[in-house]
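Asker: Quick one: the structure is below, and I'll ask about it shortly.
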Amino acid sequence: MSIPVCRRMASCWRFLAVLWIAFCVSAPAFADIRDALDRYSDALRRHLVWQFLSLPTAGSQVERLVRCHTKTVADLIRNQWRQTKASEHLRRSADELERLQTLVLSIFPAPNSGMRDDAARLIIARIPEGAGVFPVRRGYLPLLESLRSRLQHQEAQSERSDTRTLDLVAPAIAKIRAECAQISQAEEVGLLQAWFSRNCVAIEPALSESGSPIFVISGAGTVSKNGNLPGKPLPTGNPIPKKFLWGVSTSSQQWEGKRHGGIWETFADAGRTEEKIGRAANGYELFEKDLDLAAGMGLNAFRTSIEWGRIEPEQGKIDPEGVKFYHRLFDGMRKRGLEPVVTLVHFTWPQWFEKIGGWDSEAGVRAFCRFVDIVSREYGSKVDFWLTYNEPPVEIIAGYVLGASAPGYRNPLKALAVTRAWIRCHKLAYRIIHENDTTAYVSWNNYTGTYRLGSLGDIHVLVEGAANQGGSDASAAGVLETLTSVENQWMKEVASIEGGRGAGSRSRSKYLDYIGIDYYALWRLPGGFTKPHLWEIHPEGFYDVIRNYYNWFRVPVLVAENGMASCDLAPRQDGWTREAFLVQHVKQMQRAIRDGYPVLGYIHWSITDNWEWGSFAPRFGLYSVDCRNERFERVPTPSVDVYRAIVRAGGVTPELEARYPAPISSGKAR
Ligand code: BGC
């Protein structure tokens, strides 16, 4: 190579290196500004809410929103409202806004960085247009004006005149100022009221970090930030899409068995469960075997959860062994053609997480986001199907209202605060996972069922939380009311359904790329909840649930769990066998698919018997395992061959249907 060519190349590389450094320096700065602006607009929204709530007329609006709640929750909120000093909150929100304004200015690019125009454009682009958003537009004025003063000051000090950035900012200020001049003070109050009614669709009770009551207002404005994330279009259609997922499901705590310092270990160690966890089904050591068994049935999907405590046994300390374990697990799945379907929180999290404040604390939310970030980076290339929370309302009710599950609270107010936090965390996780894993599908899975209300008929609701928990107080009115409230929250916020729910609505959920459903049984109300081997089996309801969930959420449905328990392998009193259960339920799913409801897959609960949250007696496994004797031998039940036959045929055939009917006692199947 000649010397001039070398020199030219060297200078070219130098040029590229400079560009690269400039990019590296500027990209994080821009990310910081974006983040600070996100925080500014959230704070502005809060500030406007408190501005409104400080008006003497706000009480009637609060009452209007409170009335959407059930009586128990409405009373809670009224009580909080009485104790709330809006003016104090207003002062605090103003301080917060000012702090964030200082933050934005402190990271605004320096005079000669060349990125100032773009940064100014970023700020201006945040300001919404239109008369209806005047309060928000006005809220940006202090930020713009301080920016202008800073730019003018810098301009005055610099030797070279450069007013380009100022020229961008000044017209934006002039425009808002002109609007202010035309609007009287009374009109401004009216506009604030209108803004509040449009944007604040719910008012919920919550606990602040210090434990004092505050209001959390939720509304359309909170969702816009994350709303336009890339989500791969999902296969929908009829009949079963080519790559229909046939799988088995389990969860880390119930299957793996190796200790990890989680809340359920504490709960069981404290004697709050019938049986200790022991080594569960020893999936930690025997996972290769179980993956072989799944692949041997012809399946192409395997669902389990990541145990947070295994990845991060102490806050901030990542255990490479734990990280490696899930790599081996997901690699093992991929090697066998099994699509990993991965839950992040399947009723468990580390005990240290409770110590730092748990879900209803800022520290908790931050720690969770970090966990999500770590695992979606680590495993994003191996995992496409993510579920943030397993059956959120079940955990909220069982773990925070009834105290029947870890962490064992009996505190409805905390339950609502945690619900709020999970809604927020789901949205954050949705965003983080999509940022780290461009081929991800993100959702959560809900416990579903059929509820029979005496002679009034069957209903299907979104939240059927207390079903697992046994005990007569499960049906107490307060709990049912909390359930309804939790349902409302999830519906309104996690689903973020635009345009309302119902068969007529065409709009789809914003934070769910698909919807996971777990279907087990029929519940007669009023009545207590029973042990799993006594759950009333009702395959027809499965069709209805698939239809309803599709109609509610407008995204494809993934059956994340469906299964049947016996008690320690004794035949069920109602005559149901797992073979008949499988055939009759898959048949109902096929009906739903035939009728046009998009279903992504069917994932049976469970591959093996396991630790059923306090006891080994309920046996849900296709393969039975005596977990108590700790030999962990996997013994196929007759349902293994039936599932294999279903998968091979791509669904239930007339022969299978004839061979495995529902027991006579269970009534006539459709
Ligand atoms: C849960 C599982 C549980 C199964 C059977 C579902 O509610 O996600 O963890 O084992 O039901 O009770």
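The values are calculated or read from the model by the stated rules, or taken from the named source; none is laboratory data. Computed from a predicted structure; not experimentally measured. Note that we place each Cβ from the backbone using ideal geometry, even for glycine, and neighbour counts take in every protein chain shown.
Asker: Residue under question is Gly575, and the condition is that it be at positive phi and either touching an Asp or Glu at 6+ places or on another chain (Cβ under 8 Å) or not acidic (Asp, Glu) (or both); does it hold?
Answerer: In short, yes.
Asker: Tell me yes or no: at least one residue of the range 100-118 is hydrophobic (A, V, I, L, M, F, W, C) and over 21 Å from Glu145 (Cβ atoms).
Answerer: Yes, that holds for at least one residue.
Asker: Right, something else. Looking at Ala270, Ala280, which is the one that is within 16 Å of the ligand (Cβ to nearest atom), hydrophobic (A, V, I, L, M, F, W, C), under 26 Å from Ala398 (Cβ atoms) and out of contact with any strand residue (DSSP E or B) (no Cβ under 9 Å at 6 or more places or on another chain)?
Answerer: Checking each option against the conditions leaves just Ala280.
Asker: Looking at the range 115-165, which of its residues are in contact (Cβ under 8 Å) with a residue 60 or more places away in the chain and of a type in the set (Gly, Ala, Ser)?
Answerer: Ala119, Ala131, Gly132, Gly139
Asker: Here is a follow-up. Step by step: first the residues of the range 222-274, then only those that are among the aromatic types (Phe, Trp, Tyr) and at pLDDT 95 or above, then the one that is nearest to Glu435 (Cα to Cα). Which residue is that?
Answerer: The residue in question is Trp246.
Asker: Then there's this: State all residues of the range 608-634 that are within 12 Å of the ligand (Cβ to nearest atom) and either of a type in the set (S, T, N, Q) or in a loop (DSSP other than H, G, I, E, B) (or both); if no residue qualifies, say none.
Answerer: The answer is Thr608, Asp609, Asn610, Trp611, Glu612, Trp613, Gly614, Ser615, Phe616, Ala617, Phe620, Gly621.
Asker: I'd like to verify a number: residues in the range 590-607 that are in a loop (DSSP other than H, G, I, E, B) and either away from the ligand (no atom under 11 Å from the Cβ) or touching a helix residue (DSSP H, G or I) at 6+ places or on another chain (Cβ under 7 Å) (or both), how many?
Answerer: Residues that pass the stated criteria total 5.
Asker: Can you tell me which residues in the range 34-61 are buried (at least 21 other Cβ atoms within 10 Å of the Cβ) and farther than 20 Å from Arg99 by Cβ?
Answerer: Phe52, Leu53 - these are the residues of the range 34-61 that are buried (at least 21 other Cβ atoms within 10 Å of the Cβ) and farther than 20 Å from Arg99 by Cβ.
Asker: Here's another thing I want to ask about it. List every residue pair whose Cβ atoms sit under 9 Å apart, with the two residues 6 or more apart in sequence or on different chains, where the first one lies in the range 378-407 and is within 11 Å of the ligand (Cβ to nearest atom) and the second, anywhere, is outside any loop (DSSP other than H, G, I, E, B) and basic (Lys, Arg).
Answerer: Close Cβ pairs (under 9 Å, with a partner that is outside any loop (DSSP other than H, G, I, E, B) and basic (Lys, Arg)) amount to Leu387/Arg303.
Asker: Here is a follow-up. Read through the list (1) in contact with a Leu (Cβ under 8 Å, 6 or more places away or on another chain); (2) among the small types (Gly, Ala, Ser); (3) not in a helix (DSSP H, G or I), then give the number of the only condition that Gly332 fails.
Answerer: (3)
Asker: Further question on the same structure: Return a yes/no flag: does the range 342-358 have any residue that is more than 16 Å from the ligand (Cβ to nearest atom) and aromatic (Phe, Trp, Tyr).
Answerer: Taking every residue of the range 342-358 in turn, at least one turns out to be more than 16 Å from the ligand (Cβ to nearest atom) and aromatic (Phe, Trp, Tyr).
Asker: Between residues in the range 599-612 that are in contact (Cβ under 8 Å) with a residue 40 or more places away in the chain and residues that are of a type in the set (Lys, Arg) and within 11 Å of the ligand (Cβ to nearest atom), which pairs lie under 7 Å by C-beta distance while being six or more apart or on different chains?
Answerer: Qualifying pairs under 7 Å: Ile603/Arg303; Asp609/Arg619.
Asker: Would you point out which residue out of Pro654, Pro661 is surrounded by fewer than 23 Cβ atoms within 10 Å (Cβ to Cβ) and in contact (Cβ under 8 Å) with a residue 12 or more places away in the chain? If you could, list the steps in order and put the result at the bottom.
Answerer: Values: Pro654 fails: in contact (Cβ under 8 Å) with a residue 12 or more places away in the chain.
Only one candidate qualifies: Pro661.
Asker: Filter the range 548-589 down to residues that are buried (at least 21 other Cβ atoms within 10 Å of the Cβ) and assigned to a strand (DSSP E or B) and give me whichever is farthest from the chain's Cα centre (by Cα).
Answerer: Step by step, filter the range 548-589, then rank; the result is Ser566.
Asker: Out of the residues in the range 328-373 that are among the small types (Gly, Ala, Ser) and over 24 Å from Ala421 (Cα atoms), state the one that is surrounded by the most Cβ atoms within 10 Å (Cβ to Cβ).
Answerer: Among those that are among the small types (Gly, Ala, Ser) and over 24 Å from Ala421 (Cα atoms), it is Gly332.
Asker: (1) touching a residue at least 40 places away in the same chain (Cβ under 8 Å); (2) within 15 Å of the ligand (Cβ to nearest atom): which one isn't true of Leu534, the others all being true?
Answerer: In the conditions (1) touching a residue at least 40 places away in the same chain (Cβ under 8 Å); (2) within 15 Å of the ligand (Cβ to nearest atom), Leu534 misses (1) alone.
Asker: Gly283 versus (1) touching a Gly at 6+ places or on another chain (Cβ under 9 Å); (2) surrounded by fewer than 19 Cβ atoms within 10 Å (Cβ to Cβ): which is the lone unmet condition?
Answerer: (2)
Asker: Here's another thing I want to ask about it. Test of understanding: among Ser106, Ser161, which residue is within 25 Å of Arg46 (Cβ to Cβ) and among the small types (Gly, Ala, Ser)?
Answerer: It is Ser106.
Asker: Quick one: Ala156 ticks every box in (1) at pLDDT below 90; (2) aliphatic (A, V, I, L, M); (3) touching a Ser or Thr at 6+ places or on another chain (Cβ under 7 Å) except a single one, so which number is it?
Answerer: (3)
Asker: Output yes when any residue across the range 567-589 is among the acidic types (Asp, Glu) and touching a helix residue (DSSP H, G or I) at 6+ places or on another chain (Cβ under 7 Å), and no when none is.
Answerer: Yes, the conditions are met somewhere in the range 567-589.
Asker: Of all residues in the range 246-286, count the ones that are in contact with a His (Cβ under 7 Å, 6 or more places away or on another chain) and among the β-branched types (Val, Ile, Thr).
Answerer: Selection size over the range 246-286: 1.
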